[in-house]
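Reviewing the structure listed below.
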Amino acid sequence: MIEVEALTRRYGDFTAIQNVSFSVKRGEVVGFLGPNGAGKSTTMRILSGCIGATAGHARIGGVDVLQKPNEVKRRIGYLPEVPPLYGAMVVEDYVAFAASIKGVAKPAMAASQALERVGLGDVRDRVIDHLSKGFRQRVGLAQALVHEPEVLVLDEPTSGLDPAQRREIRNLLHELAAGERTVILSTHVLAEVEAVCERVVIINRGQIVSTARIDDLAARRHGVRLRVAQLEPGLIAQLESIEGVCGVNRTSTGALEVQADREVRAAVARVAVHAELLELSPMNSLEDAYLELTGSGGSEPAGLDASEPEEDAP
Amino acid sequence: MNAILAIARRELDSYFATPLGWVALTGFVFITGFFFTFFLFQFNQYAVSAGFDPYGGGAVDLNEVLLPMFFGNWMVVLLLMCPAISMRIFAEDIHQRSFELLLSSPVGSGAIVLGKFLGAMGFMAVTFAATLYQPAVLYWLGAPDPGVITGSYLSMLLFSACCISVGMLASAFTRSQVIAFMTTFAILLVLFLLPGLAEGASSDWMQALGEVGMGSHVEDFGKGLLHTRHVVYFVTFIGVCLFATQQRVESFRWR
């Protein structure tokens, strides 16, 4: 459904993305992952037809974005990083306006359906400026959905939201992704990718470093985190002697983290059970894979907490 | 076409959703009302004293004396008001990022520019409509020529369209409304005063420059005369500005 071929975009001397290629099949939900400034937004803005590309092609449903922008824009719903809202407008009027410039035959009806869809039925007659950030984000989503696009391009749809709002948006994305709709969403919240996406495209410094299924990516690493009631001195040595284990760390909270290059959960459990095993869980291996691929591993995962990202207010 | 109208409609509504539109409208109606009252009393005095003229020069024509006086003053007010109306047209959209809604919608840059232009002109039309009580008073007092009044209103619309097209171009170059306002005002002022400055000059290019300015073309406007020559000048002027604005909007995709 989405084909990106050797896409390059320069701003003056600065190359934002270089030779970016990937494709997304119909009905697939793909996460676009990368550190800030990696080129996620640039790629998405080209896909949505907001800006042009210096070189390369981007096709949506076989139609070239740069050659027939209007045809593509009718089939695509785009939510930019900052939702493109007219703050002084009433929610319903705004969405109806979006519908009419997107060529919807009955804008008012389409707007009211889109608002129900994103759960904004109750605030339809409020002024956008008076809404909370989470609601504003949903108005942005309603705008992207109002013309029933086949493809949704969402640029950090949950950034700057509190955990409850983030969960709501995530649930909404689940609903929207059901069926034939193709979704590509950028984020740097790994938990979100795991919750919503089937596949990730990881981009770093303007170049694609990996496109893989989430399961495959996670399977590359086999970290285990465990907690025991009685931490005997010999336990760590015992764990380290298990075949496949590369290292054991003790965290500040008293848990043990076992790094391994193959499946070691059963063996670890056998050893740890003698020390009264309380808890054994796989470590967030997607995070490791991500950090390794974007070259930011080793150093501390700055601001890259899998569950609670820092606020990135624009 | 629907998209152009939708953009125009939103643009027009946006003036009334914020204080800007109401302040501009009220201000315009108030100031022109002040001129109207002032000139009306002056004209009255003039007419009374002319009536005592023993040499029979008694007939003073409302159409020839009064109307040019106050429509001529309208232009000075418009010179200030139009930049205030046009400054937000693109600058605000760019600043609050709502421009991306337009860019990601299946509407061309031409449609965006035209829609916004029509919206702003719609606002000017509403403002002018609020001053229609002035000709109504004139009809009640005397017998103004409907042709002169219609012509004056049309020429004022054309003049505003010209100012707004300059303002849109300036607005498309900045995200600051203040900068858009000041640039527009400076350009309009120079264009307005150019013929006066060029008048005494002997060199040909100064004379030519004088023709480019609006001044010589707006002189007749105050009299309610719509010469083809002036209409062509203004339509060309507006066309050039809107085209340049469209090119600028198109360039957003390539910056």
### Any pair with Cβ under 6 angstrom, 6 or more apart, that starts in segment A:257-269 at a residue that is farther than 8 Å from residue A:245 by Cβ and touching a residue at least 40 places away in the same chain (Cβ under 8 Å) and ends at one that is among the aromatic types (Phe, Trp, Tyr) and surrounded by 14 or more Cβ atoms within 10 Å (Cβ to Cβ)
none
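With the structure loaded, tell me whether residue A:95 is within 12 Å of chain B (Cβ to nearest Cβ), hydrophobic (A, V, I, L, M, F, W, C) and part of a helix (DSSP H, G or I) or whether it fails that test.
Values: within 12 Å of chain B (Cβ to nearest Cβ): yes; hydrophobic (A, V, I, L, M, F, W, C): yes; part of a helix (DSSP H, G or I): yes.
Answer is yes for this residue.
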### Task
Could you tell me whether segment B:44-53 includes any residue that is at negative phi, among the β-branched types (Val, Ile, Thr) and modelled with pLDDT of 85 or more?
no
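For every residue, the table says whether it meets (1) at pLDDT below 75; (2) outside any loop (DSSP other than H, G, I, E, B); (3) more than 30 Å from residue B:146 (Cβ to Cβ).
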site	(1), (2), (3)
B:197	yes, yes, yes
B:202	yes, no, yes
B:208	yes, yes, yes
B:211	yes, yes, yes
B:216	yes, yes, no
B:221	yes, yes, no
B:226	yes, no, no
B:229	no, yes, no
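Could you tell me which of the residues B:33, B:21 is part of a helix (DSSP H, G or I), at pLDDT below 95 and within 14 Å of another protein chain (Cβ to nearest Cβ)?
Values: B:33 fails: within 14 Å of another protein chain (Cβ to nearest Cβ).
After ruling out the rest, the residue left standing is B:21.
Can you tell which of A:87, A:179, A:134 is away from every other protein chain (no Cβ under 13 Å) and in contact with a helix residue (DSSP H, G or I) (Cβ under 6 Å, 6 or more places away or on another chain)?
Working: A:87 fails: away from every other protein chain (no Cβ under 13 Å); A:179 fails: in contact with a helix residue (DSSP H, G or I) (Cβ under 6 Å, 6 or more places away or on another chain).
A:134 is the lone residue from the list that is away from every other protein chain (no Cβ under 13 Å) and in contact with a helix residue (DSSP H, G or I) (Cβ under 6 Å, 6 or more places away or on another chain).
Give me a count of the residues in segment A:13-42 that are closer than 20 Å to residue A:77 by Cβ and more than 14 Å from every other protein chain (Cβ to nearest Cβ).
Here is the first cut: in segment A:13-42, the ones closer than 20 Å to residue A:77 by Cβ are A:22-32, A:40-42.
Cutting the leftovers down to more than 14 Å from every other protein chain (Cβ to nearest Cβ) gives us A:22-32, A:40.
Looking only at that region, the number is 12.
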## Note on the structure
Of the residues in segment A:214-231, those that are part of a helix (DSSP H, G or I), of a type in the set (A, V, I, L, M, F, W, C) and surrounded by fewer than 17 Cβ atoms within 10 Å (Cβ to Cβ) number 1
### Message
Condition first: within 29 Å of residue A:18 (Cβ to Cβ), within 10 Å of another protein chain (Cβ to nearest Cβ), at pLDDT 90 or above and in a strand (DSSP E or B). Can you find one or more residues in segment A:49-69 that meet it?
### Response
no
### Query
Considering only residues of segment A:62-102 that are of a type in the set (Ser, Thr, Tyr) and closer than 25 Å to residue B:19 by Cα, which is surrounded by the most Cβ atoms within 10 Å (Cβ to Cβ)?
A:94
### Message
Residues to consider are B:136, B:172, B:130, B:186; find the one that is out of contact with any Asp or Glu (no Cβ under 9 Å at 6 or more places or on another chain) and surrounded by 18 or more Cβ atoms within 10 Å (Cβ to Cβ).
### Response
B:172
### Task
Only one of these is surrounded by fewer than 19 Cβ atoms within 10 Å (Cβ to Cβ), away from chain A (no Cβ under 14 Å) and touching an Asp or Glu at 6+ places or on another chain (Cβ under 8 Å): B:122, B:196, B:142, B:147. Name it.
B:122
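Does segment B:102-119 contain at least one residue that is touching a strand residue (DSSP E or B) at 6+ places or on another chain (Cβ under 8 Å) and within 14 Å of chain A (Cβ to nearest Cβ)?
So the first thing to find is which residues in segment B:102-119 are touching a strand residue (DSSP E or B) at 6+ places or on another chain (Cβ under 8 Å), and the list is B:104.
When the remaining residues are screened for being within 14 Å of chain A (Cβ to nearest Cβ), the result is B:104.
Yes: one or more hits.
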## Note on the structure
When restricted to A:10, A:75, the only residue among the charged types (D, E, K, R), within 14 Å of chain B (Cβ to nearest Cβ), under 30 Å from residue A:128 (Cβ atoms) and in contact (Cβ under 8 Å) with a residue 40 or more places away in the chain is A:75
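The values are calculated or read from the model by the stated rules, or taken from the named source; none is laboratory data. Being a predicted model, the structure only gives us computed values, none of them experimental. Because the Cβ atoms are built from the backbone with ideal geometry, glycine has one as well, and the counts that use them run over all protein chains shown.
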